[in-house]
Amino acid sequence: MASTADFRNGMVIRFRGELYQIVEFQHVKPGKGGAFVRTKLKNVINGKVLDNTFRSGEKVEEIRLEARPMQYLYQEGDLHVFMDNETYEQIHMPAESLGDTVVSYLKEGTDYKMLYSEGTPLLVEPPTFMELTISDTEPGDKGDRVSAATKPATLETGAVIQVPMFIDSGETVKVDTRTNEYLERVK
């Protein structure tokens, strides 16, 4: 059992009989009354997000997850196929259980972390940083080399991020998959 003081982003808990991942939380101590924790929870199975408030110190069941490295192989219809790097077992995951963020960063041959609970695959986490090629973006103006202006760019995986004006199509960039932010150009 864990209390609200143990909450952290990414933690998986059993709530109302289902598994939820804490997306974000905030401790609130109002001037009157007891403190509480406001949370945003994402259902691990169907991806639905709900807001809930817990009293400070309330106990919840924390679910321990086992992480295994898995290589993304290919998409087969609505399913995405991953292979266990140790046993070579293939696992088919539906796109809706992966979430839009993960699907937008799926690249064949890349290793991802698959989280299991009691032998059942639940979540897939992309690498924190990925080097991806820009497939489409507007050409930058010659005068915009130093300014902080940005423009949208589509990556090879389909994700859209904001990049500086001097980045062109065909260049490789390093991206933070947690925040969808451009970090640097890769040479």
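Among the residues in the stretch 93-105, are any assigned to a strand (DSSP E or B) and of a type outside the set (S, T, N, Q)? I'd like the intermediate steps shown before the answer.
Looking only at the stretch 93-105, we keep the residues that are assigned to a strand (DSSP E or B), and these are 93-94.
Subsequent filtering for residues that are of a type outside the set (S, T, N, Q) retains 93-94.
Scanning the stretch 93-105, I find at least one residue that is assigned to a strand (DSSP E or B) and of a type outside the set (S, T, N, Q), so the answer is yes.
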Please enumerate the residues belonging to the stretch 59-83 that are surrounded by 13 or more Cβ atoms within 10 Å (Cβ to Cβ) and in a loop (DSSP other than H, G, I, E, B). ILE63, LEU65
(1) buried (at least 19 other Cβ atoms within 10 Å of the Cβ); (2) in contact with an Asp or Glu (Cβ under 8 Å, 6 or more places away or on another chain); (3) modelled with pLDDT of 90 or more all hold for VAL102 apart from (3)
Of (1) farther than 16 Å from ARG178 by Cα; (2) surrounded by 15 or more Cβ atoms within 10 Å (Cβ to Cβ), PRO126 satisfies all except one. Which? (1)
All but one of (1) in a strand (DSSP E or B); (2) out of contact with any Asp or Glu (no Cβ under 6 Å at 6 or more places or on another chain) hold for LYS113; which doesn't? (2)
Would a scan of the stretch 20-28 turn up a residue that is β-branched (Val, Ile, Thr), crowded, with 17+ Cβ neighbours inside 10 Å and in a loop (DSSP other than H, G, I, E, B)? no
Need the failing condition index for PHE54 against (1) within 30 Å of ALA35 (Cβ to Cβ); (2) assigned by TED's automatic domain parsing to the domain that holds THR179; (3) of a type outside the set (Val, Ile, Thr), just the number. (2)
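Which residues, taken from the stretch 173-187, are without any contact (Cβ under 8 Å) to a residue 40 or more places away in the chain and surrounded by 13 or more Cβ atoms within 10 Å (Cβ to Cβ)? Spell out the reasoning first.
Here is the first cut: in the stretch 173-187, the residues without any contact (Cβ under 8 Å) to a residue 40 or more places away in the chain are 179, 181-182, 184-185, 187.
Result: TYR182, ARG185.
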Cβ contacts < 6 Å: first residue free of Cβ contacts under 8 Å to residues at least 12 places away in the same chain, restricted to the stretch 12-29; second residue part of a strand (DSSP E or B) and aromatic (Phe, Trp, Tyr), any location; separation 6+ or different chain. Result? VAL28/PHE36
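Within the group GLY140, GLY170, which residue is surrounded by 12 or more Cβ atoms within 10 Å (Cβ to Cβ) and either in a loop (DSSP other than H, G, I, E, B) or outside the structural domain of MET11 (by TED's automatic domain parsing) (or both)?
After applying the criteria, what remains is GLY140.
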Do any residues in the stretch 42-54 that are aromatic (Phe, Trp, Tyr) have Cβ atoms under 8 Å from those of residues that are surrounded by 12 or more Cβ atoms within 10 Å (Cβ to Cβ), where the two are at least six apart or on different chains, and which pairs are they? PHE54/THR4; PHE54/PHE36; PHE54/VAL37; PHE54/THR39; PHE54/VAL60
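The values are calculated or read from the model by the stated rules, or taken from the named source; none is laboratory data. Note that the structure is predicted; figures quoted are calculated from it, not measured. Positions of Cβ are backbone-derived with ideal geometry, glycine not excepted, and every protein chain shown enters the neighbour counts.
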